[in-house]
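Q: Have a look at the structure that comes next, please.
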Amino acid sequence: MSRNEITITIDGVECRTYEGEYVLNAARANGIFIPAICYLTRCSPTLACRLCLVEADGKRAYACNTKAKDGMQIVTQSEEIMEERRAIMEVYDVNHPLQCGVCDQHGECELQNYTLELEVDSQRFAIADTKRETKNWSSVLHYDAGLCIVCERCVTVCKDMIGDSALKTGPRGGAAVDKSYKQSAPKDAYAMWNKLQKSIIVPSNGTEYTNCSDCGECTAVCPVGALTERDFVYKANPWELREVPATCTHCSSGCQIFYETRFDSIDNTEEKIFRVKNEWNYVSLCGAGRFAYDFENRDVKRDATALKAAVEAIKGADTIRFGSMVSNEEALMLQRLKEKFGMKLYNPEARAFQKFLDAYAHASGHSLYPNDFREIMRECDFVISVGSKLRNDNPNARYVFNNIQKINKGAGFYFHPVGDRLVPTFGRSVECFEHRPGDEEAALYLILDLFADRKKLPKGVLNYLDTFHEKRKKTVKEKVMKEVVEKLLDKETGEEKEVKKKVPQMVEKEIEYEHNLLVERLGGDAENFDEIFAKMMKKKESFALIAGEDLFFHPHYENIAKLIALIEKSCSMKVVMTPPKSNSLGVALICELDDECEGYTIGYNAPGDFRLSALGDGDLDMPAMNQQEGTFVTMNKQVVPTNAALEYGGYELNDIMNELGMGRELTIEWTQELPVEKGFQCVKFDEMPNYYLNDGTEKRGYRLATIKRRASRSNPKKLDDSIVISEGDIAYRCNPPRQFSDFTDKAHQIFEKFALRASPERAQELGERVEVLFDGASIVLDVEADDRMSGDIVEIPDFKSGEDVISLFGESRYSKVTIKRV
Amino acid sequence: MSLEEFKDRNIGTQNYRMLDLGESPKSGMEKFKQVVERSVKLELFTGLKVTFREMYKALFKKNMHTVKYPFEKMPIAPRYRAIHQMKRLLESGHYRCIGCGLCEKICIANCIRIDTRYDENQRKEVSEYTINFGRCIFCGYCAEVCPELAIVHGGRYETSSEQRASFSTLEDMLTPLEQLAEQSEFPGFGAISPNADENVKKTPLAY
């Protein structure tokens, strides 16, 4: 999509914006206020509220769906417009319960704000009210239909951003608007009212309950108190809550969030997090980000003997094993410990990613992938995902994939061995390939085959790609118009007439086509692939590749890195990667990690002989991520700060460093010491911003620099069938959505269990509880059916570090297993 | 308007009228003379006359002015701002407080706290309400801001007890159910003005 800069005039102010940008966004980016309730940035305009009525070149238009053209003249306020807007707010206020004091949105309610902004001080409309029941849609969603103004923001965000499409408008059963208002009410207000009287929000699956990933984004975007988190209902008022700008640390998205804290209750005056808020116009959270906030290490006192023991343990340690939910500062401290004491640092997820990045840097000539997710979401219209379970792995990768389908009118390929019923619903042009585990290289070769500029490909690769093409014949059915003679009886005269008619008929025909063996190998429809692909490629300009965790945990990761580097070079394709866990990217850059874990092990939020733990179950307590300051590296290569939301009374890693004589006064003093040669900058923690501008520009920390090096020129290897798992029971290491680590598991609003997940059919076969046998080890798990999965592969979660599932799987995310009923 | 009036902060000499008390005695002789004069004139009994008159009234006419506190109490003005009262709805007897938290927000001494929860009837229940009377400055803002006239000031001015919390929970401040009939409206800040109807625009209803 092209982004030409143009100038439009809004209320006499010249505004720079891009061609095709909506006028509303242009105005917001330039600090001009146009009221609007139903519009969400990054989503399609709903046109439910009609408040953003403006005059564009003298004509009435809605700012949220009018695209800016060069030289456009916009007037945002005139008598007619203000009358329309006031009437619309009056309509919204009709029968809206006057219980603001009870409502959870009281104080940050857009209905309240606009009613005051547009100076509604009397009411001229009336209609009989409809009884609307309050409902709990899921374990986290609470819907009070009585408060709903049907702006459809929840419906829009669920469809365009999240991709669940779990909500829709349903019949309200309200009275019809009195016809007499047609004369007295302004046009738009009347039309809006008619629509409002007919609809209400309902789950889209036709039941009382939503079947979605429980991300709670709908509660965030709700302008009134209609949609709230069940746990938060009537607990606190927005103005009592202290907003702590922070970064969500559950996955590598590193979304900006606000922890909202307050004293717990009258009896317990300790500070507690009540909910998590986000800048929903620019960031969309997942269920873990929004609901897994209470993972703090509570009631910790300074235990000097435990600290001494920890210091001794570190001095005598052979290995420090740690989880990826550590800040850059902590990672740096661990690296310093390694430098001084020579112990090993073990973090399997980050190590796999580190090795992959090394191989990638070797092949491509730069240390990091060139693009970021925000960029591809804005610009790309064809997105390919290889090796990530979109629904489970990284929520933002999924949102980006979905958003490109919906907003950029895009298309997408989804390569993954585990069948998914949700991804195909993201858009009409989404083509899913359920290939065999281990065959990710074939997917990358297919991308090269389809998208590469052949001139840029090395000869060896080109020849190899040609071996996958065959001329074959297929029979197609074709519509042919055939002339048929029919006899008709004329009723009036009783005469028979012969009438000639043309009737369509299907004729089978054999034609020659190019058969792509790669498509066949990946489980695609090779016969019709040419047509499907041609359709998908219509009007597509900008392409993106999302490389997922499966590629880092792959026996041929080096070859995959080469292929990705080659794709980047030859396909004009934007490339992004999803680091496997929270701060895997930061850890991979800062620490020199080792491949194995030996001898006496210190476990930092990980299994070990001496455990430092922020979960409250270790030998020495550590602060959880919502109790300490620090920086993270997100998958957008941004180094972002997070603040402490809650108090912590114990020791932190820096205290241990101080005992060893290597510490700083404060943990955040390590921030400016992060390795510049790896792309970090010497920036003080307190100088890092953490906010968004009105036009959506991210002002959070700083961008990692990409380090250039010499690229090697060796061709990728050919496909190797020996690593492809094609038969037997296959297990896939994959967490349920909303579960990432022990910390999400600790949160009281995350209900996903540590269980084996399978498609409903497979789950029925397996029974209630199974033992999964790996090479030399086994694990016993409950079986849960996931109705959005299909196929026979089962998912085994790894979010409980104590179970050490990652070691069961070793270097791949897939494993051949034997599953026995227990 | 000139601000001179406000700028003159020397309030000590402003508009004060000195009492004419005559000359004070200076020498010892003059002082002696004054004592003798007062004794002989029996000025003392002029004062004692008032005392005896009131004593007579109290003892024989049953017209006593002394209030036997704490057995007796003076009536106080209805707008007096002492310990808070939580009012009930007259019809149902349910407490009026809706738990909106405005009193908590406006309280300048930051002494009010409310716990609310989502109850079984899908309503906001005030599970606990406290005022820390160690901090309360009885400014009356809470009563003024309350949209339901639920919290008002009462006339209970005795605030000594063994525990500060003794009269500061919802239970303590609520009108006892058996006294519901005697519950009266607080006429102070926050009460509806007598001409409130004239100032409100009516909302049409379609019933």
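The values are calculated or read from the model by the stated rules, or taken from the named source; none is laboratory data. Please read these numbers as outputs of a predicted model, since none were measured by experiment. Note that each Cβ is placed from the backbone with ideal geometry, even for glycine, and that neighbours are counted across all protein chains shown. Calculation scope for accessible area: heavy atoms of the full protein, side chains included, ligands and nucleic acids excluded. Shrake-Rupley method; radii C 1.70, N 1.55, O 1.52, S 1.80 Å.
Q: In terms of modelled amide H atoms, which long-range or inter-chain residues lie less than 5 Å from the amide H of A:Phe433?
A: Under 5 Å from the amide H of A:Phe433 lie the amide H atoms of A:Tyr414, A:Phe415, A:His416, each far enough along the sequence or on another chain.
Q: Count, for each residue of B:111-123, the Cβ atoms from other chains sitting within 10 Å of its Cβ, then give me the mean as a whole number.
A: 4
Q: Let's see if you can work this out: charge +1 on each Lys and Arg Cβ, -1 on each Asp and Glu Cβ, no other charges. What is the dipole magnitude of chain A about its Cα centre, in debye to the nearest 20?
A: Using Cβ point charges on Lys, Arg, Asp and Glu, chain A gives about 2480 debye.
Q: Right, another one. Could I have the simple spin-label model distance between A:Asp686 and B:Leu42, label points 7 Å from Cα toward Cβ, reported in nm to one decimal?
A: 8.5
Q: Please report the orientation-averaged projected area of chain B, defined via the convex hull of its C-alpha atoms, in nm².
A: 25.4
Q: From the phi angles alone, apply the Karplus equation (6.51, -1.76, 1.60; θ = phi - 60°) to segment A:561-570 and give each ³J(HN,Hα) in whole Hz, x where the residue is Gly or Pro.
A: Those phi angles translate into 4, 5, 4, 5, 4, 5, 4, 4, 6, 9 Hz.
Q: Over 26 Å between C-alpha atoms is what I'm after, so list which of A:Lys69/A:Lys538; A:Lys301/A:Lys581; A:Lys195/A:Lys535; A:Lys389/A:Lys684; A:Lys574/A:Lys678; A:Lys135/B:Lys105 land there.
A: Among A:Lys69/A:Lys538; A:Lys301/A:Lys581; A:Lys195/A:Lys535; A:Lys389/A:Lys684; A:Lys574/A:Lys678; A:Lys135/B:Lys105, the Cα-Cα distance tops 26 Å for A:Lys301/A:Lys581; A:Lys195/A:Lys535; A:Lys389/A:Lys684; A:Lys135/B:Lys105.
Q: Work out the mean other chain Cβ neighbour count within 10 Å for the residues of A:232-240 and drop it here as an integer.
A: Partner Cβ neighbours, averaged per residue: 5.
Q: Would you mind calculating the gained length between A:Leu47 and A:Asp525 on full extension (0.36 nm times residue separation, minus the Cα-Cα distance), in nm to one decimal?
A: Extra length available between A:Leu47 and A:Asp525 comes to 168.2 nm.
Q: For segment B:71-144 and segment A:372-413, compute the distance between their C-alpha centroids and round to whole Å.
A: Their Cα centres are 53 Å away from one another.
Q: Would you report the distance distribution of C-alpha pairs in segment A:522-604 as whole percents per 5 angstrom bin, up to the bin with the largest distance?
A: 3, 10, 13, 17, 18, 14, 8, 5, 5, 3, 2, 1
Q: Give me the percent of DSSP beta bridges within the protein assembly as shown that run antiparallel, rounded to the nearest 5.
A: Antiparallel: roughly 70 percent of the beta bridges in the protein assembly as shown.
Q: Using the charge dipole of chain B (Lys, Arg: +1 at Cβ; Asp, Glu: -1 at Cβ; taken about the Cα centre), state which of B:Gly22, B:Thr169, B:Leu89 has its Cα farthest towards the positive end.
A: Result: B:Gly22.
Q: Report the charge-dipole magnitude of segment B:84-191 in Debye, nearest 20, computed about the Cα centre from +1 at each Lys and Arg Cβ and -1 at each Asp and Glu Cβ.
A: Dipole magnitude for segment B:84-191 comes out near 360 debye.
Q: Could you give me the ³J(HN,Hα) list for segment A:461-477, computed from phi with Karplus coefficients 6.51, -1.76, 1.60 and θ = phi - 60°, whole Hz, x at Gly and Pro?
A: 5, 4, 4, 5, 4, 5, 5, 8, 9, 9, 8, 9, 10, 9, 9, 10, 9
Q: Carbon and sulfur atoms: what percent of the 1.4 Å accessible area of chain A do they account for?
A: Taking all protein chains in place, chain A shows 46 percent carbon and sulfur surface.
Q: Measuring from centroid to centroid over Cα atoms, what is the spacing of segment A:552-592 and segment B:27-45 in Å?
A: What the calculation gives is 111 Å, centre to centre.
Q: Something else: Based on the Kirkwood radius over alpha-carbon pairs, what value in µm²/s does the Stokes-Einstein equation return for the translational diffusion coefficient of the protein assembly as shown at 20 °C and 1.002 mPa s?
A: Estimated via Stokes-Einstein, D reaches 63 µm²/s.
Q: Also, I was wondering about something else. Three principal axis extents, largest first, for the C-alpha atoms of segment A:623-770, in Å?
A: 57, 51, 46
Q: Net charge around A:Tyr691, counting only other residues with Cβ within less than 10 Å of its Cβ (Lys, Arg = +1; Asp, Glu = -1)?
A: With Lys, Arg at +1 and Asp, Glu at -1, the neighbours total 0.
Q: Separate question: Between segment A:96-136 and segment A:744-783, how far is it from one alpha carbon centroid to the other, in angstrom?
A: Cα centroid of segment A:96-136 versus Cα centroid of segment A:744-783: 46 Å apart.
Q: Once label points are set 7 Å from the Cα along Cα→Cβ at both A:Val780 and B:Lys201, what is their separation, rounded to one decimal in nm?
A: Between A:Val780 and B:Lys201, the label points sit 7.2 nm apart.
Q: Further, regarding this structure: Using helices alone, I'd like the mean residue ellipticity at 222 nm for the protein assembly as shown: each DSSP H run of four-plus residues gives -39500 (n - 2.57), total over residue count, nearest 500.
A: -7000 deg cm²/dmol
Q: Relative to the present Cα-Cα distance, how much length would full extension add between A:Lys308 and A:Gln73 at 0.36 nm per residue of separation?
A: Stretched fully, the A:Lys308-A:Gln73 segment lengthens by 77.5 nm.
Q: For chain A, what is the relative contact order in percent, using Cα pairs closer than 8 Å and at least 6 residues apart in sequence?
A: 14
Q: Name the residue farthest towards the positive end of the dipole of the protein assembly as shown from the options A:Phe401, B:Ser193, A:Ile74, assuming +1 on Cβ of Lys and Arg, -1 on Cβ of Asp and Glu, about the Cα centre.
A: B:Ser193
Q: Starting from the exponent 0.38 and prefactor 2.2 Å, build the expected Rg for segment A:51-187 from its residue count and divide its actual Cα Rg by it.
A: Output field value: 1.22.
Q: Which whole-Hz couplings ³J(HN,Hα) result when phi for each residue of segment A:218-234 is put into the Karplus expression 6.51 cos²θ - 1.76 cosθ + 1.60, θ = phi - 60°, listed in order with x for Gly and Pro?
A: Those phi angles translate into 4, 6, 6, 7, 4, x, 10, x, 6, 10, 9, 6, 4, 5, 8, 3, 6 Hz.
Q: Return the distance in nm (one decimal) between the two label points of a simple spin-label model at A:Thr269 and A:Leu462, each offset 7 Å from Cα along Cα→Cβ.
A: 7.8
Q: So, one more: Considering amide H positions built from the backbone, and no H for Pro or chain starts, which residues 5 or more places from A:Gly616, or on another chain, come under 5 Å of its amide H?
A: It is A:Met622, by chain and number.
Q: Loop only by DSSP, 14 or fewer other Cβ within 10 Å of the Cβ. Give me the GluC sites (Glu not before Pro) in segment A:302-390 that pass, ordered by residue number.
A: none
Q: So, one more: Give the percent of DSSP beta bridges with both residues in segment A:528-682 that are antiparallel, rounded to the nearest 5.
A: 30
Q: Which loop trypsin sites (Lys or Arg not before Pro) in segment A:281-390, with loop taken from DSSP, have no more than 12 other Cβ atoms within 10 angstrom of their Cβ?
A: The qualifying sites are A:Lys301, A:Arg302.
Q: Right, something else. What translational diffusion coefficient, in µm²/s and rounded to a whole number, does the Stokes-Einstein relation yield for segment B:84-191 at 25 °C and a viscosity of 0.890 mPa s, taking the hydrodynamic radius as the Kirkwood radius over Cα pairs?
A: 172
Q: While we're looking at this one, here's another question. Among bridges DSSP assigns within segment A:473-610, what percent are antiparallel (round to 5)?
A: 75
Q: Could you list the trypsin sites (Lys or Arg not before Pro) in segment A:27-71 that lie in coil according to DSSP, counting only those with at most 15 other Cβ atoms within 10 Å of their Cβ?
A: For trypsin sites (Lys or Arg not before Pro) across segment A:27-71 that sit outside H, G, I, E and B with at most 15 neighbouring Cβ atoms in 10 Å, the list reads A:Lys69.
Q: Please work out the average accessible area per residue across the protein assembly as shown, using the 1.4 Å probe convention, and give it in Å².
A: 48
Q: Further question: Can you tell me the dipole magnitude for segment A:721-821 around its Cα centre, using point charges on the Cβ only (Lys, Arg +1; Asp, Glu -1), in Debye to the nearest 20?
A: It comes to approximately 220 debye.
Q: Using a 1.4 angstrom probe on the protein heavy atoms only, could you order B:Thr66, A:Thr261 from most to least accessible area?
A: Output order, biggest surface exposure first: B:Thr66, A:Thr261.
Q: Sticking with this structure for a sec: Please give me the summed charge of the neighbours of A:Lys482: other residues whose Cβ is under 13 Å from its Cβ, Lys and Arg +1, Asp and Glu -1.
A: +1
Q: I would also like to ask the following. Name the long-range amide H neighbours of A:Arg321: under 5 Å, sequence gap of 5 or more, or other chain; modelled H, no Pro or chain starts.
A: Distant-sequence amide H within range of A:Arg321: A:Tyr346, A:Ile602, A:Gly603, A:Tyr604.
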